[in-house]
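A.B. asks: Here it is: the structure, laid out below.
The values are calculated or read from the model by the stated rules, or taken from the named source; none is laboratory data. For clarity, every value in this text was computed on a predicted model and none was experimentally measured. For neighbour counting, all protein chains shown are included, and Cβ atoms are generated from backbone atoms with ideal geometry for every residue, glycine included. Only protein heavy atoms, including side chains, enter the accessible area calculation; ligands, DNA and RNA are left aside. Shrake-Rupley method; radii C 1.70, N 1.55, O 1.52, S 1.80 Å.
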Amino acid sequence: MKRFFDFLFSTKVTIVLLVIFALGSALATFIEDKYDTIAAKMMVYNAKWFEVLMLLLILNFIGNIRTFKLLSRQKLVGFVFHLAFIIIILGQSS
């Protein structure tokens, strides 16, 4: 189990998840441009795969906060950076 969490919280997985997130958002933008906002919401933003992706990103950021011990005074900027991404993703999912 530890090996799975080490993999999930790795920097490589973070990059892959963020690239997939960016591609999904870009896809939604093109769908919205060609059709409408409702189509983009149905096909991307409200799709299960996108919700799972956002959940994985949140877990990854929480794991990175813990892995890199960002809750210390010296690493406050890194903590705020990761926390901001978590808040943005939670705001987008509501």
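A.B. asks: Name the residues in segment 50-69 that are more than 14 Å from L8 (Cα to Cα) and in contact (Cβ under 8 Å) with a residue 24 or more places away in the chain, would you?
C.D. replies: F50, E51
A.B. asks: Inspect segment 14-24 for any residue being over 28 Å from N64 (Cα atoms) and free of Cβ contacts under 8 Å to residues at least 40 places away in the same chain and give the result as yes or no.
C.D. replies: The answer is no, given that none of the residues of segment 14-24 is over 28 Å from N64 (Cα atoms) and free of Cβ contacts under 8 Å to residues at least 40 places away in the same chain.
A.B. asks: Shifting gears a bit: Name the one entry in A84, A26 that is surrounded by 11 or more Cβ atoms within 10 Å (Cβ to Cβ), modelled with pLDDT of 95 or more and among the small types (G, A, S).
C.D. replies: A26
A.B. asks: Exactly one condition in (1) within 20 Å of G91 (Cα to Cα); (2) modelled with pLDDT under 95; (3) open to solvent by less than 30 Å² (accessible area, probe 1.4 Å) is not met by L17; state its number.
C.D. replies: (2)
A.B. asks: Across segment 59-75, what is the number of residues that are loosely packed, with under 15 Cβ neighbours inside 10 Å and touching a Leu at 6+ places or on another chain (Cβ under 9 Å)?
C.D. replies: 0
A.B. asks: Still on this structure, I have one more. Restricting the search to segment 29-52, which residues are within 17 Å of G91 (Cα to Cα), more than 11 Å from the chain's Cα centre (by Cα) and buried (at least 17 other Cβ atoms within 10 Å of the Cβ)?
C.D. replies: Selection gives V44, Y45.
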